[in-house]
């Protein structure tokens, strides 16, 4: 009798775990969709700023991290202020391959400026064309 109750409890717990795993997979999928959407917005904003929206199609980077996060990491690792071109080079040296037609440094420059103006990820401007991450 006790084994029968334990068996039912075990089956119930296993079903609940399966349900939770499915929910987690769904949430992960939704998060990936929103991250892709944010990367598309970043690329789109950069293209609009540079007047290339009509001639270019939006391509989404294949990175696991959003561009803003890659930029913040590159600045943190450098430990000194960098120009957008230097940040772009560091990101690409890390293995990132930008699929867009717009120069990657221009995309990084637009994102750095946006992050600075919206006070995101601690990015601060230290001088003309130089950025770092606040300590």
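Points worth noting:
- Candidates 108, 80, filtered to the one that is modelled with pLDDT of 85 or more and part of a loop (DSSP other than H, G, I, E, B): 80
- Qualifying residue in segment 30-43 (condition: surrounded by 14 or more Cβ atoms within 10 Å (Cβ to Cβ), assigned to a loop (DSSP other than H, G, I, E, B), on the phi < 0 side of the Ramachandran plot and at pLDDT below 90): no
The values are calculated or read from the model by the stated rules, or taken from the named source; none is laboratory data. What you see is a predicted model, and the numbers here were worked out from it, not measured in a lab. Methodologically, a virtual Cβ is constructed for each residue, glycine included, from the backbone with ideal geometry; neighbour enumeration extends over all protein chains shown.
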